[in-house]
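Report on the structure given below.
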Amino acid sequence: MKYIVFVLFLFATCQLQAAERTAFIDDLMSKMTLEEKIGQLNLPSVGFDVTGPILSEGVEKKIEQGHVGGVFNTFTPNAVRKLQELAVTKSRLKIPLLFGYDVIHGHKTIFPIPLGMAATWDIDLIERTARAAAREASADGLNWTFSPMVDIARDPRWGRVAEGAGEDPFLGSRIAEAMVRGYQGTDLSKNDTILACVKHFALYGASEAGRDYNTTDMSRLRMYSEYLPPYKAAVDAGARTVMTSFNEIDGMPATGNRWLLTDLLRNEWGFTGLVVTDYTAILEMVNHGVGDGPKVSELAINAGTDMDMVSEFFVKYLPELVKSGKVDEKTVDAACRRILEAKYDLGLFEDPFRYVSEERAKKEIRSADKLELAKEAALKSFVLLKNDKNVLPLDASKKIAFIGPLVDDKRNLIGSWSGAGDWKQAVSIREALEAKFGKDKFLFAKGCNLIEKGDPLYERLSKADDNLKKEGLRTDLLVEAIKTAEKADVVVVVLGETYDMSGEAASYSHIELPKNQSTLLRALSKEKPTVLVLMSGRPQNLNIDNSVVAGVLETWFGGHRAGDAIVETLFGDSNPSGKLTMSFPHGAGQIPVYYNHKNTGRPLDENQKYTTKFLDIPNEPLYPFGFGLSYTTFSYGDVKLSDSKLKRGDKLTASVEVSNTGSREGTETVQLYLRDVVGSITRPVKELKGFQRITLKPGEKKTVSFEINEEMLKFYNAELKFVAEPGIFKVFFGGNSRDVKEATFELTP
Ligand code: NOJ
């Protein structure tokens, strides 16, 4: 009874608050001119970072005129205060501005890149990093982050795989929800919670050939089952804003796609927040070829876009479009209302300077707890891909040489989209080694430049990368490195991409180490047992390099604390537990390769010619989804089911006993996959449906259980209805998607 009264009370309070908000906004909008309403839809970029042409001029004047709803790329209390003051003292209606920024993997304390964060499979940790980023960003004047990016990506040529959670819709959805919770908290009006923005809606990760901004095209069935779930999960978790993607869908750019933004997002999913475009996405619709400036603005607003990032087309064309009747003023009103609602919920009308505080900034930015969290995240993100003869962890009493252009590097450690993060604050591997063991303990050599002059990568990247410009000059590095390796018992080679080889506008067809780096690796591995410490923003083609090294530790771009986390892992103070969230292919020719594929009518049979295969490489990737070794070993018992039949609406329990069979404590991510063996349409060979991270001491065993219910068996059928069909299901348990134990049960009618 008490509970019912409480729920009714909560409901009544929410209704009251909603009514207050509506009344406030009604009143405000009744005073607004059409131009002022359109002004709210304008989001120019002012300040530090740009990802395209800078189009906005005289923004300060425009703010005073009420022609700006928010700005992005402006942060720090000082800079934000200056613009906010203009808005709330000089503009006629004194409407405060939104301040947005790309807080992607931390604001000023940088965590591992999102692909690395995903490899932790630690949802609580991911939420804590988003929370920490929100605390830091909100203290620095920001109230809106353009994150999480939840685009499913199966093509490692696409540089932006670095910014997402990888190939799986289930894991991607859990991560999307956690990030929304972390940024927005439970009360947006608090001074340390900010708006999340789910991006890039939609299907941006499926660009053809992995070339950024390229066309996408896919069936509705694939969209609903494989690509849309993480966006929907983020919306269901309460994300207040959504960003449109650059790509087209069914021949219409997302920003002008009414089916996407209105039918699906608003009507089907019930999204009530605001939709912002990506950078100049309205203007780019002209290049896409769907109209001139006025036409694309009309398409965008009528499709359901609320806010125009950088193009300034809404401000330019909407007044006339409304006058001519091509756009209903009610449509502008609705967009304006959604932006004002966001401002209201942030508490900006109550206090426009809620997010501006030098004092909080001093306390929050790069605070000790955040730097500690950055280390925890880095440690958990590393994936041990290979460890022949237990070459790792290293024995510090041996002579060890650390060779490679990334041993003594800081710039690349924090990765792409490290926003406001200062790379000079990163701990390099060499610094961490020297701090732990003293200056003279190890041998060091650079070995090679990051990318050699003459490599096409160099020509393109060095234009914008000052560090790289200084590279490519020394030629005597290889000889020096070989001499250094000769003196060592073990060689650790730290190689990989530069931070700008992945991320936006960084598609890469070879997905392998730059040539000079693999030449170095091969030369060194002839000398001594070699461990490759890899830094990359994408799955790499390790096929050849792998055959010459004894160990491979993938460390992504690990953020500010990458250096000390790598050293702790290499020497065994920490046991790696990361698991891949994107398959590592045998080579670019195998792309796309992902674990949850269909069976085909001719599954591989080595005894038959006419079955699905490559002539030169296996069908399976080099390292599958979910894969990652540990310094200890785990074994899985048989799959136990509480029943062999499941009635609709009922549930059963699936469990497995996992044992630590090695000699160290370690953490394993136990993964549950299901397969619907026969369906009214074809079903994937496996789909992730659950996971649990468990830590076991040597010799320890633990039974890990999952509930299986009808909901988990549902899929989108040919009519796009989300249904579970009776029949046989397989249950798989394993430490990766390939090496699994299985059992079956039946869903009865
Ligand atoms: C373009 C990127 O696609 C998007 O992710 C980012 O949020 C905007 N630029 C703003 O910087």
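General observations
- For segment 695-749, the list of trypsin sites (Lys or Arg not before Pro) that fall in a loop by DSSP and count at most 15 other C-beta atoms within 10 angstrom reads Lys714, Lys721.
- Take the chain with all the other protein chains still there, run a 1.4 Å probe, and you get 39 Å² of accessible area per residue.
- Annotation: amide H of Gly70 within the under-5 Å range of Asn42, Leu98, sequence separation 5 or more or interchain, hydrogens built in the peptide plane.
- For segment 145-225: relative contact order, % (alpha-carbon pairs under 8 angstrom, 6 or more apart): 39
- Percent RCO, i.e. relative contact order, over the chain, from Cα pairs under 8 Å lying at least 6 residues apart: 13
- Carbon/sulfur fraction of accessible area - segment 248-336, other protein chains in place, 1.4 Å, %: 48
- Couplings for segment 159-167, taken from phi via the Karplus curve 6.51 cos²θ - 1.76 cosθ + 1.60 with θ = phi - 60°, read x, 7, 4, 4, 8, x, 9, x, 9 Hz in order; Gly and Pro are left as x.
- FRET E, pair Ser547, Lys31, Förster distance 51 Å, beta-carbon r, rounded to 0.05: 0.10
- Take every Cα pair under 8 Å whose residues are at least 6 apart in sequence, average their separation, divide by the length of segment 400-559, and the relative contact order is 27 percent.
- Given a 1.4 Å probe and the protein chains as shown, Ser507 ends up with an accessible area of around 50 Å².
- The longest stretch of the chain left intact once loop-based GluC sites (Glu not before Pro) with at most 14 other Cβ atoms within 10 Å are removed from consideration, loops following DSSP, is 58-349.
- Calculated P(r) tail over 44 Å for the chain, as whole % of Cα pairs: 27
- Spacing of the modelled spin labels on Ser680 and Ser56, each 7 Å from Cα toward Cβ, amounts to 5.0 nm.
- Of all accessible heavy-atom area on segment 447-536, the percent that carbon and sulfur account for (1.4 Å): 53
- Working from label points 7 Å from Cα in the Cα-to-Cβ sense, the Ala464 to Ser705 distance is 5.3 nm.
- Amide H contacts for Val198 (H built 1.01 Å from N in the peptide plane; partners 5 or more residues away or on another chain; cut-off under 5 Å): Thr241, Val242, Met243.
- Remark: segment 234-307 is approximated by an ellipsoid whose semi-axes, taken from the C-alpha gyration tensor as √(5λ), come to 21, 11, 10 Å, largest first.
- Amide H contacts under 5 Å for Glu665: none, restricted to partners 5 or more places along the chain or on a different chain, H placed in the peptide plane at 1.01 Å from N.
- Relative pair counts by distance (%), Cα atoms of segment 531-574, 10 Å bins: 25, 51, 23, 0
- Scaled to the globular estimate 2.2 N^0.38 Å, the Cα spread of segment 591-749, given as radius of gyration, is 1.15.
- Restraint check, Lys613/Lys640; Lys410/Lys526; Lys645/Lys686; Lys108/Lys439; Lys598/Lys714; Lys389/Lys640, Cα-Cα greater than 25 Å: Lys613/Lys640; Lys410/Lys526; Lys108/Lys439; Lys389/Lys640
- Loop trypsin sites (Lys or Arg not before Pro), segment 13-112, which have at most 10 other Cβ atoms in a 10 Å radius of their Cβ (DSSP): Lys31
- With all protein chains in place and ligands, DNA and RNA left out, the 1.4 Å accessible area ranks His288, His586, His200 as His288, His586, His200, largest first.
The values are calculated or read from the model by the stated rules, or taken from the named source; none is laboratory data. The shown structure was predicted, so the numbers you read here are calculated from the model rather than taken from an experiment. Here Cβ is always computed from backbone atoms with ideal geometry, including for glycine, and neighbour counts include all displayed protein chains. What goes into the accessible areas is simple: the full protein's heavy atoms, side chains included, and nothing from ligands, DNA or RNA. Shrake-Rupley method; radii C 1.70, N 1.55, O 1.52, S 1.80 Å.
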